[in-house]
Structure formats: structure tokens, C-alpha cells
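What follows draws every value from the coordinates through simple rules; no lab data is involved. Bear in mind that the values here come from a model prediction, so they are computed numbers and not experimental data. We place every Cβ from the backbone using ideal geometry, glycine too, and count neighbours over all the protein chains shown.
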Amino acid sequence: MKAERKTEKKNLPESFVDLRSEMAVIARGEERILRFDGEGRLFLAQEGGFSFRRGFDGRIRKRPRAVRFRERTSKAQWLDGHQAEDFLVRSHETALRSLEEALRGDLPFLKNTAAEEAVEWKKRIASWTPRRYADSASEFRRLYGSIPVLPPDQYYAVYLQVVFGCSYNRCSFCTLYADRSFRVRTMEEWRRHLEEVKRFFGRGLFLRRSYFLGDANGLAMEQEEILTRLAMARESLPALRDGFHAFHDTFSGKERTAEEYKALRNAGLRRIYIGVESGCDELRRRMAKPGSAEAVRRRVLLAKKGGLAVGLMILLGIGGEEFSDRHVEETRNLLDSLSLSKEDIVFLSPLFVGEREEVLPGVPAPPSLERVIRREEKCFRDSLSGPRISRYDVEQFVY
Ligand code: SF4
């Protein structure tokens, strides 16, 4: 299969227009590739050795393409307002010129394309002026506030904010939801949110494969309530291939039974994501993470028994040099006890010390932190078999 894909890629012309039902791809040589969603808004581009990802909030992240995924930490930059606008204008000009050339027969369409289809795409792409992008970014902020993070396999999920913030909000390393108070959207707010999300994404929905229930614990309500909300979402929105996903915690609310997780699975939920951080209880206590490694184990086993897959986030470097060996060993013991398989994912997330420059409260980040992170990552990658393993760079996230 891989070999076939390679051959296909080799046979592609260097410049082309590819109009699909879910997106338009415009390639001008290998060095310039633009991707627009079904509404005609730019979401991804490659240019001169860099990839550019535009977030709905208007920010554009620039990252070298040649950097291997595992080495991406600190390599991203963000375009400033002028650069971002200039980039969008140039990208749209290139796309519109390319579509005209393709309509004249001077540039190949990748597959048979009716002229009306290309004209329709031209209209959609042309409608995204800098003004419209700015209005859309304001609408995004009104709709969600901000979306500070998603697991890497869910970057293209449609975010459904069923809950605001985190019910706990006090882990020492986390400021993700510091700007908002925790509460569950009322049923009426949820109904309106679903309509607004549908309108906001428009035809861009079909580029997406799943829905993600945010914020920090999308299941933080009674079982019947979440089942009702999932039913409302299924009624209001088109079905997406990979169903629903959610962050979940191991300390709030009543513990669900395997049957209850199964009912969530039957309602469309596919994977839950848990911030485990560490299997070492002493370290968890020092970072003010509520609950224990045993509580994580119980919840994961119940969820898996109910047919859900899990994504488990592990923090790298959180204990500095002092706790590193115990952190790796006790976390590995925990992960080994969970019978993880290839539908499960372990996310390795390097600690971002930011301005605090502390790994734990009162413990300054050691100069060797980068080395500790690399060593811990290698230990986990070398010793874990069963689940998929992925790097998780929270500070480079853009939705
Ligand atoms: S439970 Fe999760 S979201 Fe809440 S403060 Fe801790 S790490 Fe952050």
C-alpha cells in the first residue's frame, strides 16, 4: 500500500488543481501547495520549505517542513498580523490565478472536473477577503472563547464545547483553562451551540473526521445528560467517520461502570483522553494532580471493557532529575497493567516550564531538563509495545 502511494505521488504533475468534495488543493511546484476547506478558506499551506497552518482564531503557525516530528519542539513560529494578512492575500491570488489557468487548459486538473465546479470553487475562494477572515476569527472567539488544546490525533476534529473549563483547574503545570470558570452548558445553550457550530464550519465540516467534546472533561455530567446531548449532536450534525471523542478525568463525578461506558460507545463515543501525567503517586501529589495511579487504572480498564479506546497523556520532565527514574518506572508499570492495544495511544508531552521556570512548585527546572525529557521519551518509546506512541507539543497547538 505504501509503495503504491509512493508511485502515485511520483506520477503527479508538479503543478495542478485538485478539486475534491471536501477540499481544494492547488499545487504550484513542490514548493507551494495550498489547501482550502469546503467553504474556500485556507487552512494549510506549504511554501519554501515551511508548512503554514491557519487557526480559526486567525493565527498562522509557521514550521520547517524538514524537521522530523520528534524534533519539532520550539521550532514553530507565529506570523504577526501583517505577515498573516499578506500570506492569506498571496495564497488566494495564487489559487484564483491557478483556477483560471486550469479553466483555460493551461494547468491540469488532477481528475475530470466540470467547468461549473471550478467556477464554483473560484467564487468560494474569492469570497474570503481579509475582512471576512477577520470577521470569522471574531465569530470563532464568540463561539468558543479559545480552544487551548486537543490531542494531536484530533487536531482536525470539530470541537463541541459541552463543558466550559476544568472542574479542578489547580494542577501545578497547567494554565490551559485558567481564564474560565467551570460549568456545563445548559440544554438550551447546547442546542444553540450545535446550530452555531454547524453554521460556522459550513461545508468545511466534511474535511473533518470526528467531533471532540471539550473542554477538560466532556463527560462531566450525569450519564443520562451526556447521552441526551450526544443524541442531540447526532440529530443536528452530519455523521463523521470517527464519531465522538472527549477528554475525561479520573477524579470528578461518580465512577462510571463498564456498562455505562458501553452505552456511551453505542451513542457514538470512540476514545477518551486522560491526562495521566505520571504513574508515580508521590510525583502526582507534588504536581497537585488529583486522584491516584490506581484510580487511573480502574477507569481505563472500565472504559476499555465498555469498548472505548483510550489516549493517555504522560508528561516528560515533570520530576526533573530527582524523580526521573521513578517517574519512568512507575508510569511504565501503570501502562503495562492496562492491556493497551494499537487502537490506544500514549502521548508523550514535554513539560513546558514557561515563565515559571519550575518543574514542580518550588523546584527550579534543571539546566539538564531537555536531556531528561529526551531520555524519558526514549525509555517510553523503547519499552512500550502495544499502543501507538505520539509526541504531544501543547504549546504549538493551533486549531
Ligand atoms: S485536571 Fe487537566 S485541565 Fe484540569 S488543571 Fe489538571 S491538567 Fe489542567
Handout entry: About the Cα centre, charge dipole magnitude for region 12-133 (Lys/Arg +1, Asp/Glu -1 at Cβ), debye
Key = 620 debye
Exercise for the section: Using just the helices of the chain, give the 222 nm mean residue ellipticity in deg cm²/dmol: DSSP H runs with n ≥ 4 each add -39,500 (n - 2.57), and the total is spread over all residues, rounded to 500. Expected result: -12000 deg cm²/dmol
Completion exercise
Taking 0.36 nm per residue of separation between GLU14 and ASP382 and subtracting their Cα-Cα distance, the length gained on full extension comes to 128.6 nm
Practice task
Report the charge-dipole magnitude of the chain in Debye, nearest 20, computed about the Cα centre from +1 at each Lys and Arg Cβ and -1 at each Asp and Glu Cβ.
Solution key: 660 debye
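Could you list TYR261, TYR399 in order of exposure, starting from the residue whose Cβ has the fewest other Cβ atoms within 10 Å?
Final ranking by Cβ density, sparse to dense: TYR399, TYR261.
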Problem - Directionally averaged shadow of region 12-133, computed from the convex hull of its alpha-carbon atoms, nm² - result: 7.8 nm²
Handout entry: Length added when fully stretched, LYS342-GLU22, from 0.36 nm per residue minus Cα-Cα
Key = 112.4 nm
Problem - Among the listed pairs LYS111/LYS342; LYS254/LYS378; LYS262/LYS342; LYS62/LYS111, those beyond 28 Å (Cα-Cα) - result: LYS111/LYS342; LYS254/LYS378; LYS62/LYS111
Handout entry: Anisotropy class of region 19-69 from Cα gyration tensor, a/c 1.5 cut
Key = oblate
Handout entry: Only Lys, Arg (+1) and Asp, Glu (-1) charged, at Cβ; region 352-399 dipole about Cα centre in debye
Key = 320 debye
Handout entry: Footprinting exposure proxy for LYS122, LYS111 (fewest neighbouring C-beta atoms within 10 Å first)
Key = LYS111, LYS122
Fill in the blank from the handout: Of the residues PHE52, SER91, PRO13, the Cα lying farthest along the dipole of region 12-133 towards its positive end, which is defined by charges on the beta carbon of Lys, Arg, Asp and Glu, belongs to PHE52
Fill in the blank from the handout: Farthest towards the positive end of the dipole of the chain, among GLY204, GLY165, SER292 and with Cβ unit charges of +1 on Lys and Arg and -1 on Asp and Glu, lies the Cα of GLY204
Practice task
Apply the Karplus parameterisation 6.51 cos²θ - 1.76 cosθ + 1.60, with θ equal to phi minus 60°, to every residue of region 178-187 and state each ³J(HN,Hα) to the nearest whole Hz, in sequence, with x for glycine and proline.
Solution key: 5, 8, 9, 8, 6, 6, 8, 4, 5, 4
Practice task
Starting from the amide H of LEU107, placed 1.01 Å from N in the peptide plane, find each other amide H under 5 Å away whose residue is 5 or more places distant or on another chain.
Solution key: ALA102
Problem - Cα gyration tensor shape for region 342-399, rounded if a/c is under 1.5, else prolate or oblate - result: oblate
Exercise for the section: Set Lys and Arg Cβ to +1 and Asp and Glu Cβ to -1, take the dipole of the chain about its Cα centre, and tell me which of PHE251, ILE26, VAL346 lies farthest positive. Expected result: ILE26
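What shape does the chain take by its C-alpha gyration tensor, where a ≥ b ≥ c are the square roots of the eigenvalues and a/c under 1.5 counts as rounded, a/b above b/c as prolate, and the rest as oblate?
It comes out prolate by the Cα gyration axes.
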